[in-house]
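I have placed the structure first, in the form of structure tokens, so that the comments after it can refer back to it.
The values are calculated or read from the model by the stated rules, or taken from the named source; none is laboratory data. Values in this document were obtained by computation on a predicted structure and should not be read as measured data. Here the Cβ positions follow ideal geometry from the backbone for every residue, glycine too, while neighbour counts run over all protein chains shown. In case anyone asks, the SASA skips ligands and DNA or RNA and just uses the protein heavy atoms, side chains included. Shrake-Rupley method; radii C 1.70, N 1.55, O 1.52, S 1.80 Å.
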Amino acid sequence: MKHRERFGFLERLEAHADVFRNEALSLEEESFYCMPEAANYSGGSWSAYLLQLDQFQQDFPLVSLEKNRERCPKTWAVVSALPGLVIAGFMRLAPNAEIRPHRDKRDDDVIRAHVGLQLPADEQLYWPEGSARLRDIRALHAAQNRSDRPRLTLCVNARMPFVIHDGEIPAWGPPQ
């Protein structure tokens, strides 16, 4: 089965990519929440503007989801209508920053989609801005921004009505 058929929300996300981009670019850098420093990246280089956190709300006590949703009403209207929404928000990677290869923990029925909103030129060669891609965050993944402007994506985690098995979602990245 093609991934586009099985994960129909990808087309809905792509159809609204310009809306997401416009709202993300209207946000001041200071309104993004600096992700805590970890072994995978340097603090301050990766930040998020969060719209939905589900069970992870306690990990971000200073984030006002209600306020963030009010500032991005069109994005919130689209993502809140997605079945099984767990997490949603804009991810910002500072110029010349990277998130080193790592694996995230997740439930077997949660899938992550990213919509590229503002990407470095080299990344656009295999991931055009405005397109959505799936990521199995249990697989090794990383990100880098070798440009002079922030790298922006919309990140959505959604609970699917079926288990997503290891290796079911193909690896995504630059051609080898």
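Could you tell me whether segment 133-147 includes any residue that is modelled with pLDDT of 95 or more and farther than 16 Å from Ser45 by Cβ? For segment 133-147, residues modelled with pLDDT of 95 or more and farther than 16 Å from Ser45 by Cβ: absent. If the condition is being closer than 27 Å to Ala142 by Cβ, β-branched (Val, Ile, Thr) and not in a strand (DSSP E or B), then segment 73-101 contributes Thr75, Val79. Filtering segment 82-118 down to residues that are over 18 Å from Tyr49 (Cα atoms) and of a type in the set (Val, Ile, Thr), which residue is surrounded by the most Cβ atoms within 10 Å (Cβ to Cβ)? Within segment 82-118, the match that is surrounded by the most Cβ atoms within 10 Å (Cβ to Cβ) is Ile111.
The condition of being of a type in the set (S, T, N, Q) and in contact (Cβ under 8 Å) with a residue 60 or more places away in the chain holds for only one of Ser80, Ser131, Ser45, Ser64, that being Ser131. When Glu123, Glu70 are checked against the criterion of being outside any strand (DSSP E or B) and either among the β-branched types (Val, Ile, Thr) or over 25 Å from Arg138 (Cα atoms) (or both), a single residue qualifies: Glu70. Considering only segment 56-67, state which residues are open to solvent by 80 Å² or more (accessible area, probe 1.4 Å), assigned to a helix (DSSP H, G or I) and closer than 24 Å to Asp104 by Cβ. Across segment 56-67, the qualifying residues are Gln58, Asp59.
Please verify whether Pro73 is at pLDDT 95 or above, surrounded by fewer than 19 Cβ atoms within 10 Å (Cβ to Cβ) and more than 17 Å from the chain's Cα centre (by Cα), treating the condition exactly as stated. In short, yes. For segment 135-157, the criterion of being part of a strand (DSSP E or B) and free of Cβ contacts under 8 Å to residues at least 40 places away in the same chain is met by at least one residue. Can we say Lys105 is part of a helix (DSSP H, G or I), charged (D, E, K, R) and in contact (Cβ under 8 Å) with a residue 12 or more places away in the chain? No, not satisfied.
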